[in-house]
Each structure stands twice: as C-alpha cells, then as structure tokens.
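See structure below.
The numbers here are math on the coordinates, done by the rules we state, and not lab data. Quantities reported herein were computed from a predicted structural model and do not represent experimental measurements. Don't worry about glycine lacking a Cβ; one is built from the backbone with ideal geometry, like all the others, and counts go over all protein chains shown.
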Amino acid sequence: MSETSLIVIGGGGNSRSLIAFLNESPRYRVEGYTDLSDRGDLLGKSWLGPEDDLDLSGRNVVIGLTYANTAADRSLRYRVIDSLSRRGALFPTVRADSALVDASARMGRGGAVFRRVLVNSGTHIGEYAILNSGSVVEHDCRLGDHAFVGPNATLCGGVQMGDRVFVGAGAVVRDDLSVCDDVTIGIGAVITRSIETAGIYVGNPARRLVGG
C-alpha cells in the first residue's frame, strides 16, 4: 500500500484530532504541522513554520483549521484554502480507518472524514468538507462545498445541502429535506422542514434566530 505524505495546516485542537487518526493509518505519513508559532510537539509531529514561509507547491496539505462557531473562524479557513490553492498546494481527502464510506459515495478534494463516520450509498459531498467523529450521512444525500457535519450529527436519507452549511454536534436533519447555502444548524437542533433562508437555526423543532 502506498503512503501519502501530508502537512497539516494549523496547530490547534482540530489539527491534533486529524493527526491522531492519520497516525493510526498506514496510508498516511504526517510530515509535521504549520502555525504562526511553535505549538510544541503534536502527537509526535513537529512545527514546520508558518505556512506562508514554506514552499507548498505540489505538496499535500490537510486543513486543520476548523469552521468553529463564528463567521470569522470560517472566513479564516476559506482564506487559507484560497491562498494555498493559488500557491499550488494539493488537497487530498483523508479518512480515518474506522470510517465507513460506501464505495458508491463521492467526495471532493480537501475533505476530512474522522473516526466512526458513516457515509452511505449514493451520497455526493463537495470540496473541503469536514465530517466529524461519529457523524452519519445517509444514502443519496448531496452536500455542497465547505460542509461541516459535527460529532454525532445525522443527515437522514436524501438530504440536499448547499454550500457553507454548518451542522452542529448531535443535530438531526430529517430525510428528503433541502437546506440552502450559508446556514448554521445549532447543537442538538432537529430540522423538520426545508430551509430556504440563510441564518442560524436552533431548537426542536428548529427555528431561525431573529437576526441570525
């Protein structure tokens, strides 16, 4: 089995989680991580310097910067991806060995599939997605670019999501619903109707926050 060498971008908690499952797999070799400053040893991996100081053209990178909870956090992630892309970095999709991804599922570049994720048959996922630990994406779902599906969240069969949709930990989206671009679904929220207006949705059944 060939081994893919990777550089992890960012030295925070999400990067440590990435390195943890990458270290477990014989398919990957993590060269180290980048950050603005040295965060010390991360699960046996050393700081390589700020990404802006490195020649990453033709190198495989994995984005450890998370979407987190704010628009500013997500904007930083988008800017870093755009900058690295223009500089010629490569964006493989990485997957924990314990994740179950059906052979018929398709996923764009730059994604990360964490431990114990299930992606079922006929699902298509866009670029730069994060499927966090224990999340479930059921059959025939469609997820746009920059999707985030939080720990133990569930997208039931046939869900159609636009770009930049953030699904919080433990949230559930009922089968055959659609969610437009730029939606944040809060922790534990239950989506029972399609969402046609961007914003923040919380509760069970979920409702849009005024001004969100």
Legend entry - Cα shape, the chain, gyration tensor, a/c 1.5 rule: prolate
Inset, instruction - Can you tell me the 0 to 90 degree angle between the C-alpha axis of helix 13-24 and the longest principal axis of the chain, rounded to 10? - result: 70
Inset, instruction - Please name whichever of GLY49, VAL172, ALA99 sits farthest to the positive end of the charge dipole of the chain, dipole taken about the Cα centre and charges placed at Cβ: Lys and Arg +1, Asp and Glu -1. - result: VAL172
Legend entry - For region 87-96, Karplus couplings with θ = phi - 60° (6.51, -1.76, 1.60), whole Hz, Gly/Pro x: 8, x, 5, 9, 10, x, 8, 10, 9, 5
Inset, instruction - Provide SER57, SER46 in ascending order of the number of other Cβ atoms located within 10 Å of each residue's Cβ, fewest first. - result: SER57, SER46
Inset, instruction - Taking amide H positions as placed in the peptide plane 1.01 Å from N, state which residues far from LEU100 in sequence (5 or more) or on other chains have amide H under 5 Å from it. - result: VAL117, LEU118, VAL119
Legend entry - Label-point separation, SER37 to TYR78 (7 Å along Cα→Cβ), nm: 2.9
Legend entry - Exposed-site-free run, longest, the chain (rule: GluC sites (Glu not before Pro); DSSP loop; at most 15 other C-beta within 10 Å): 4-195
Legend entry - FRET efficiency estimate (nearest 0.05) - Cβ-Cβ, ARG29 to ASP52, R0 30 angstrom: 0.80
Legend entry - Cα long-axis angle, helix 71-86 against the chain (0 to 90 degrees, to the nearest 10): 50
Inset, instruction - Select from GLY134, GLY168, GLY122 the residue whose mean-square fluctuation is largest in a Gaussian network model of the chain (Cα-Cα springs shorter than 10 Å). - result: GLY122
Inset, instruction - List the residues whose amide H sits under 5 Å from the amide H of VAL62, counting only those 5 or more places along or on another chain, with H placed 1.01 Å from N in the peptide plane. - result: ILE7, VAL8, ILE9
Inset, instruction - Take the alpha-carbon centre of region 1-44, take the same for region 139-188, and report the distance between them in whole Å. - result: 27
Legend entry - Derived scalar couplings ³J(HN,Hα) [region 189-204; Karplus, 6.51 cos²θ - 1.76 cosθ + 1.60; whole Hz; x for Gly, Pro]: 5, 10, 8, 10, 9, 4, 10, 10, 10, 4, x, 10, 10, 9, x, 9
Legend entry - Per-residue Cβ neighbour rank within 10 angstrom, fewest leading, LEU36, LEU155, LEU54: LEU36, LEU54, LEU155
Inset, instruction - For region 107-115, just list the computed ³J(HN,Hα) in residue order, Karplus coefficients 6.51, -1.76 and 1.60, θ = phi - 60°, integers in Hz, with x standing in for Gly and Pro. - result: 9, x, 5, x, x, 9, 10, 7, 4
Legend entry - Around ALA206: net Lys/Arg minus Asp/Glu count, Cβ-Cβ under 14 Å: +3
Legend entry - Prolate/oblate/rounded label for region 100-166 (Cα gyration tensor, a/c 1.5): rounded
Legend entry - Helix-only mean residue ellipticity at 222 nm for the chain, each DSSP H run of n ≥ 4 adding -39500 (n - 2.57), per residue, nearest 500: -4500 deg cm²/dmol
